[in-house]
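Before any comments, here is the structure.
Computed from the coordinates by the stated procedures, all read-outs in this text should not be read as laboratory data. Predicted model, so just to flag it, every value in this text is computed and none were measured. So basically every Cβ, Gly included, is an ideal-geometry build from the backbone, and we count neighbours across all protein chains shown.
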């Protein structure tokens, strides 16, 4: 009877920590998603969680330049509006000096430093007047504290995905990443499935040693091989390009793939395979008719792993793929360079990041039941 | 039908002939790899597009924030671009000594001597020892920068009643004044992707030139004076006076290392101003907010020298070195093109470009501030090239950068200098 009570308190602890973990993982993603629909101004003034509410910003704007002045009723006048009409923005305080940027309320008439006066309405309409002509080439600076209504826009996505003149855009990099990722996922699985079957179910001398060698290869850091391998690629004429990237991803992914699949296949019931042998099936028939269908969870889970790795890979792409023509750039590289040049442009970063994680998210949700099953591959017999 | 085809072909041949004698490069692909991204990438692409048009070649530019790392991988493996643009002559010298660069065509050195202001010094900066130990001209300087500049917003100075300081003492007094008035004087950002830390090396170099005679600077650059010499450590600490003072830096000293150098000037333009002063080279207007008119909305003054130290007016500068990393007729032609006034004037008409080329028409400059930069150069009693760019790549594009990030993060100047010297010893 005690046991049941204990169990329930533990369950609570489990539920709460699961909830916390889910929140921990979900919030940054949600933040990215929301930020990717906001404008730069909005992001710089308030967090994404405040995106549903009006935001208050301090802006430095300029009135029209002196060349726009008109002479009316004995006064030189410059008139105009700081915002588009119907923008919904409302000015609460304003000023004409950086030291007193919120000195005045809308509608006040204020003397200008260089003579004349200025007034600003809550909607952003201003009027400057002076008995003398205005001089200089730049308009008067106006500091405003403005409340803007919430604003969501698809422009970031349009900019990042569909603007062909944007050399920092993601559209081409997205296709390039797909071009790298799909073959780099399929090729190692094909090879590894054959190898795993052989290592699991075919008797040949040195099999144990071969398995040990593959386990050994798991711990070799791939950084060691980067430059020698690239040299080899250059010498045999592959150079930098998709083929080289596929080969590299295949090579670096194979040890784990073989190890994972072999451990899973070893756990399949021996009886089925021996029955098939007795019935006269060839090894190839056993592999295609029995082993492959039964290993589907393991294959799928490795496919997810490999897909995510190659999708998020930067190192291998930099070394083996991206050549000096810039035609083969991938998304990770685009984003890294964006971090440098657009470190403050969160709307572009968030949109690019979301474009980049959208596909892995889809893949993960579509295949997650296999991921869990596959994670157990080989661990339970 | 055949007639029309033939006529068309003849017309094509004619127009190709008229496009210039260099059009034998038609269809050849020339790749260029450099450190510029964003606005500067657009500028360099405009220059390269003019070359492509003149020669018929297919010119591709790729920029990277991690230029210094990527160029090593690419040259080592033999897959480098035709022409690479080095921000650091020291790194180019490293690669030249390992045989990865191709010497420039004969006569280039003479051309530079004749057509560049202080031509011999540009030749010296581009001449490196090859793999056989023989000196050759490997690097062609195109686009130089003056680094000893402090940027400010004149209207903010006007509003607050500040004057442009004439000496370092006045500059520090002005900083204190701004703090006393409730403002923050400086915006400092060291972030730059794989090159994070370099803006701090410029500070240290500028301050070393202002606290020690130029001979100390020269000795430090070739490590005859060790990095952990007390005079160098003092210069690092002088940088700390600005960067490690929470009251002096926008966002506090902790924000220095994490703020990107391209974002940090934006604080000058915010409302209310996050800072009033920003020390950065002549290229920084490319990263000012859109629509900023240099000379009116933003201006600069010379990063002044200490009045009490009798060291004159030292000026720190830098430049980018174009070198051939994968020889081809197109690569040679591109270097040849950079010698033309046209190649210089295209970028001059944009932003952030200075050139030592004597033949250019200075009226095409995109902003009027260039004359002032020239004056700063002309009034200099000492001109020194950016020291970190002359040091071996492992120091000037490595240990010095990371050391300055550590220093900004709170490590002592002595520890940082000791570590950089240890890294230098390990390279020897």
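Observations
- Point-to-point label distance, residue A:283-residue B:29, nm (Cα→Cβ direction, 7 Å offset): 4.3
- Global form of region A:2-50, assessed from the alpha-carbon gyration tensor, a/c cut-off 1.5: prolate
- Three-way shape call for chain B based on the alpha-carbon gyration tensor, with the a/c threshold at 1.5: prolate
- Cα gyration tensor category, rounded, prolate or oblate, for region B:99-220 with a/c compared to 1.5: prolate
- Dimensions (Å) - chain A, Cα atoms, principal axes, largest first: 111, 73, 32
- Per principal axis, descending, Cα span of region A:55-148 in whole Å: 40, 29, 23
- Entry note, region A:55-148: relative contact order of 45 percent, from Cα contacts under 8 Å with a spacing of 6+ residues.
- For region A:159-375, the fraction of alpha-carbon pairs in successive 10 Å shells from zero, as %: 8, 28, 30, 21, 10, 4, 1
- Relative contact order (%) - criterion: Cα under 8 Å, at least six apart; region: chain A: 19
- In the protein assembly as shown, the DSSP-assigned H stretches of four residues or longer account for a calculated mean residue ellipticity at 222 nm of -14500 deg cm²/dmol, using -39500 (n - 2.57) per stretch and the full residue count as denominator.
- The Rg/Rh ratio of the protein assembly as shown, with Rg taken over Cα atoms and Rh as the Kirkwood radius over Cα pairs, comes to 1.03.
- Rounded to 5, the percent of DSSP beta bridges in chain B classed as antiparallel: 55
- Gyration tensor (Cα) of region A:198-305, equivalent ellipsoid semi-axes in angstrom: 33, 15, 14
- Within 10 Å of the Cβ of each residue in B:76-84, the mean number of Cβ atoms contributed by other protein chains is 5.
- Contact order, relative form, for region B:347-399: 23 percent (alpha carbon pairs under 8 Å, 6 or more residues apart, mean separation divided by residue count).
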